[in-house]
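The structure appears below as structure tokens.
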Amino acid sequence: MEKEKIGKCPICGNFIYENQKSYYCSNYKEGCKFNLWKDTKYFDQVLKITKEKAKKLLKGEKAKFKLKSKTENDYEAYFTIEMKRKYVN
Ligand SMILES: [Zn+2]
């Protein structure tokens, strides 16, 4: 079975594939550390990164997430990924 390519690695340019818990770089055997968790912690909340969102993020586009505020009203926020010293923020 051929794996679906989610996008290109922002670090090394190889393809990104998905596994159960994250999106990872196909170049990991050569030491590329790119890894985008499907459940990413954002303060006390968890962002669910769907495949659609991962594709957008890997293209450098914004993805929209629903968040809860302290007053219990949901709000939406946009996130992008930013590479800082090879870690994904
Ligand atoms: Zn890579």
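In the chain, excluding the sites themselves, the longest stretch lacking any of the GluC sites (Glu not before Pro) that are in a DSSP loop with at most 11 other Cβ atoms within 10 Å is 5-71. Ordered from largest to smallest accessible area (heavy atoms of protein chains, 1.4 Å probe), the residues Cys12, Cys32 come out as Cys12, Cys32. Using R0 = 35 Å, the C-beta based FRET efficiency linking Ser69 and Gln20 works out to 0.70. Among Gly60, Gly13, Gly31, which one shows the biggest mean-square fluctuation in a GNM of the chain, springs joining Cα atoms closer than 10 Å? Comparing Gly60, Gly13, Gly31 in the GNM, the peak value goes to Gly31. Annotation: extensible slack from Lys8 through Glu52 equals 14.4 nm (criterion: 0.36 nm per residue apart, minus Cα-Cα distance). Applying the criteria of a DSSP loop state and at most 15 other Cβ atoms within 10 Å to the trypsin sites (Lys or Arg not before Pro) of segment 3-58 yields Lys3, Lys5, Lys21, Lys33.
Would you calculate, for the chain, the mean residue ellipticity at 222 nm contributed by helices, counting each DSSP H stretch of 4 or more residues as -39,500 (n - 2.57) and dividing by all residues, to the nearest 500? Could you put the intermediate results ahead of the total?
Numbers: 1 runs with 8 residues, N = 89.
Helix-only estimate at 222 nm: -2500 deg cm²/dmol.
The simple spin-label model puts a point 7 Å past each Cα toward its Cβ; for Phe43 and Lys62 those points are separated by 1.8 nm.
The values are calculated or read from the model by the stated rules, or taken from the named source; none is laboratory data. In this text, all values refer to a predicted model and were calculated from it rather than measured experimentally. Reconstructed Cβ throughout: ideal geometry from the backbone, glycine too, with neighbour counts over all protein chains shown. In case anyone asks, the SASA skips ligands and DNA or RNA and just uses the protein heavy atoms, side chains included. Shrake-Rupley method; radii C 1.70, N 1.55, O 1.52, S 1.80 Å.
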